[in-house]
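**Student:** Take this structure, written in structure tokens, and hold onto it; I'll ask about it next.
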Amino acid sequence: MNLSGRNALITGGASGIGAAVAESWLRAGANVTIVDVNAEALEATGKRLGIRAEALDVSSSDAWTSFIASHDHFDLVHLNAGITTHRDVLDGPADPAQPPLVRVTDEEYRRAIGVNVDGVVFGARAVIPGMCERRSGDIVVTASVAAFVPIPPDPIYGLTKYAVSGLVKSLTPRLAEFGVCISAICPGFVDTPLISERAREWIAELGMPLMKTEQVVDAVTTSVTRRVNGAHWIVLPDQDPILHEQATVPFPTNPQ
Ligand SMILES: NC(=O)c1ccc[n+]([C@@H]2O[C@H](COP(=O)([O-])OP(=O)(O)OC[C@H]3O[C@@H](n4cnc5c(N)ncnc54)[C@H](O)[C@@H]3O)[C@@H](O)[C@H]2O)c1
């Protein structure tokens, strides 16, 4: 992968998958900027990799507007920041009378929608005009296998990942006309700070191994080198990224 001369942006780049992708893109020669809300992790990752690291709350439309206005163009963008709903949903004791959805507060719900959905919508809306003007660009969205399978302990998380998958599919045809490729990566469980201790136990009970971030990085590399418009790359333990074939439906790809 040769990314020299490309301006890359990674949201949620201070930690986990985002930090691993930042390192990979830096090695491939890209000019990398990471953004995050975790100031401490942002500073540590920025210093470790020697890259630009800036505070940006992806859930704020205004913050995106001023961020984009104060930067040169980006032609490689990973919209990756994401959260689960409140830890209690995954960490708390199972209580049949209190299924997870009942325990999610309005604030937790809005926050999850804000980061996982608004963060991708606002991010895409901010970078698309420049990419279309230059008639080139790549956007990779971190969705999840939760876009395909149920995640009973965290239904709001499942909702948000299904939502961004729908966004990617619907943006694809028009962006492709401008030479802009948008795709999604859909990992299973990955060993990052997102996965709490209780979640680790639950995942172990399911018999699912936790993947290393490197495996997700491989999928992101596949995504930006193969450039399959609208692709959903599923990432599962010990397998190469799996291209989820888009269903053929009797519907015009570009209805006006
Ligand atoms: N870890 C997994 O098992 C797994 C599996 C599938 C998908 N994902 C997705 O991968 C992405 C990255 O998660 P991760 O596992 O690396 O977790 P992580 O917690 O290590 O990284 C997520 C980063 O997003 C940042 N962030 C949170 N809110 C933000 C906001 N408002 N604005 C900017 N940054 C914000 C966090 O501070 C953190 O640095 C997420 O979208 C997550 O849903 C994770």
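Rule-based calculations on the coordinates, nothing more; no lab input. Please read these numbers as outputs of a predicted model, since none were measured by experiment. So basically every Cβ, Gly included, is an ideal-geometry build from the backbone, and we count neighbours across all protein chains shown.
**Student:** Which of the helices (runs of 4 or more DSSP H) found entirely inside segment 97-161 contain at least 3 residues meeting this: under 22 Å from HIS71 (Cβ atoms) and either within 14 Å of the ligand (Cβ to nearest atom) or not small (Gly, Ala, Ser) (or both)?
**Tutor:** By residue number, 119-134.
**Student:** Show the residue pairs that are 6+ apart or on different chains and have beta-carbon atoms under 8 Å apart, the first residue being within segment 8-20 and within 18 Å of ASP218 (Cα to Cα), the second being of a type in the set (Asp, Glu) and more than 6 Å from the ligand (Cβ to nearest atom).
**Tutor:** Matching pairs, first to second residue: ALA8/ASP75; ALA20/GLU214.
**Student:** Every residue in segment 187-239 that is assigned to a strand (DSSP E or B) and farther than 17 Å from ALA19 by Cα, please.
**Tutor:** Once the filter is applied, which keeps residues that are assigned to a strand (DSSP E or B) and farther than 17 Å from ALA19 by Cα, segment 187-239 yields HIS232, TRP233, ILE234, VAL235.
**Student:** On to the next question. In segment 11-35, what count of residues is obtained for those that are part of a helix (DSSP H, G or I), within 12 Å of the chain's Cα centre (by Cα) and of a type outside the set (A, V, I, L, M)?
**Tutor:** 2
**Student:** From SER223, SER170, grab the single residue that is exposed (fewer than 14 other Cβ atoms within 10 Å of the Cβ) and more than 10 Å from the ligand (Cβ to nearest atom).
**Tutor:** That would be SER170, the only listed residue that is exposed (fewer than 14 other Cβ atoms within 10 Å of the Cβ) and more than 10 Å from the ligand (Cβ to nearest atom).
**Student:** Consider only pairs whose beta carbons are under 9 Å apart and that are at least six residues apart or on different chains; among these, list those whose first residue lies in segment 210-225 and is within 10 Å of PRO237 (Cα to Cα) and whose second residue is in a helix (DSSP H, G or I) and more than 12 Å from the ligand (Cβ to nearest atom).
**Tutor:** Filtered contacts from segment 210-225: LEU210/ALA204.
**Student:** Would you check which residues across segment 207-217 are out of contact with any Pro (no Cβ under 6 Å at 6 or more places or on another chain) and surrounded by 17 or more Cβ atoms within 10 Å (Cβ to Cβ) and list them? Write out each step before concluding.
**Tutor:** Step one: filter segment 207-217 for residues out of contact with any Pro (no Cβ under 6 Å at 6 or more places or on another chain), giving 207-208, 210, 212-215, 217.
THR213, GLN215, VAL217, listed by residue number.
**Student:** I've got another one for you. SER183 - would you say it is away from the ligand (no atom under 11 Å from the Cβ), closer than 19 Å to GLY13 by Cβ and outside any helix (DSSP H, G or I)?
**Tutor:** Answer is yes for this residue.
**Student:** Within the set of pairs 6 or more residues apart or between chains, which connect a residue that is touching a residue at least 40 places away in the same chain (Cβ under 8 Å) inside segment 102-120 to a residue that is away from the ligand (no atom under 11 Å from the Cβ) and in a helix (DSSP H, G or I) with Cβ atoms less than 6 Å apart?
**Tutor:** Within 6 Å, the pairs are VAL104/ILE156; TYR109/ILE156; ALA112/ILE156; VAL117/ALA163.
**Student:** State whether one or more residues within segment 104-119 are among the hydrophobic types (A, V, I, L, M, F, W, C) and more than 14 Å from the chain's Cα centre (by Cα).
**Tutor:** Looking for residues that are among the hydrophobic types (A, V, I, L, M, F, W, C) and more than 14 Å from the chain's Cα centre (by Cα), one finds at least one in segment 104-119, hence yes.
**Student:** Just to be sure I understand the filter: pairs with C-beta atoms under 9 Å, separated by 6 or more residues or on different chains, first member in segment 35-51 and closer than 14 Å to ALA81 by Cα, second member surrounded by fewer than 12 Cβ atoms within 10 Å (Cβ to Cβ). Which pairs pass?
**Tutor:** So the pair list comes out as ALA41/PRO193.
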